[in-house]
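Here the structure is laid out as structure tokens; the discussion comes afterwards.
Coordinate-derived values only; no laboratory data. Predicted, not measured: the structure shown is a model, and the values here were computed from it. Here the Cβ positions follow ideal geometry from the backbone for every residue, glycine too, while neighbour counts run over all protein chains shown.
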Amino acid sequence: MGQDVQPFAFEDDLVRAVEIDGAPWFVARDVCKVLGIVKPDRALAALDEDEKGAHSMRTLGGKQDLSIVNESGLYALVFRSRKEKAKIFRKWVTSEVLPALRQTGRYEMPGRGEAASVPFTDGPVGERYSKIGAVKEARQLYGNAFARQLWTELGLPVFNTGSDIPNENDLTLNECLRLMLDRPIGRKDRRTVRQIHAAMIEQEITMREADAAVQKCGLALKYMPGMPRHRLNMALFVPNGGAALEKFMAHTAYHSGCWMDILRPALHPGVIACKFRIGGQGHRGRLVPPDLWPVAVQDEA
């Protein structure tokens, strides 16, 4: 039974599919996003039991059980949508994606050839090649930053450039970022920045809501410069100072602005010096893309 998650792009949205017992299933939240269904839970409740299910998938927030729909359930959601784009989506799925999956176990972008295909295959080697194929397609469609984010989301291994042994700067960066990403943002709001970012990726909260929540601890989520304004292109903005961030980092080894010495672009290629507005005021700082974020401690165990 194939279990490879295959993301594919419809216009500006990414829809994930997985093959179960030879049949394609689709992540319900992704389908609802394309169709403009703002209350996915209510839409799923109206489906028959054999048209929906749950499947454990690796996401930015770790493994999660996501709601999925089969082919019949997907059609039912399409017919419920009032968006004009639903007709285009339905035609695209029925005439291109589903026939390709049934015949070859993969979806191929028209005019791309074999290199763009992402097969449903069994076993660890086949699974890795499926994921790498998805990343290659994402890079062609959306650029390098999007592809790096997808690489991380699919759980592909991260390699150190130049050496298999992380240097002291890398270890210090990871420790500093973990403090920012994995500590509760407040006394009442016990969510972490990583959890908020993952909820945004899964479309449980909007990008604006995620940025506003993260700003409570003096950080922010901002778009990567020069990239499409897509949730997968949002990175962690760490300002050079600010009372909220000073309070958040108090009683750590990186208090009193010490994080600025750690997050120097000269030490860590990929970190960008930039300026953004937080709380109506302009702040200079560093933008750290998600592909530089260390994994959560529990994920390493």
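Some observations on this one:
- By the beta-carbon count within 10 Å of each Cβ, the least crowded to most crowded order of Trp25, Trp259, fewest first, is Trp25, Trp259.
- Of Lys39/Lys85; Lys33/Lys91; Lys85/Lys216; Lys87/Lys222; Lys63/Lys83; Lys39/Lys222, pairs whose Cα-Cα distance is over 28 Å: Lys85/Lys216; Lys87/Lys222; Lys63/Lys83
- Backbone geometry of segment 255-265 corresponds, through the Karplus equation with coefficients 6.51, -1.76 and 1.60 at θ = phi - 60°, to 3J(HN,Hα) couplings of 6, 6, x, 4, 4, 5, 5, 6, 8, 7, x Hz, x marking Gly and Pro.
- Relative exposure of Ile68, Ile37, judged by other C-beta atoms within 10 Å (fewest first): Ile37, Ile68
- Relative contact order [Cα under 8 Å, 6+ residues apart], segment 189-261, whole percent: 22 percent
- Largest first, the three principal axis extents of the alpha carbons in segment 46-87 are 34, 24, 15 Å in whole numbers.
- Virtual spin-label span in nm between Lys91 and Phe79, 7 Å along Cα→Cβ: 2.0 nm
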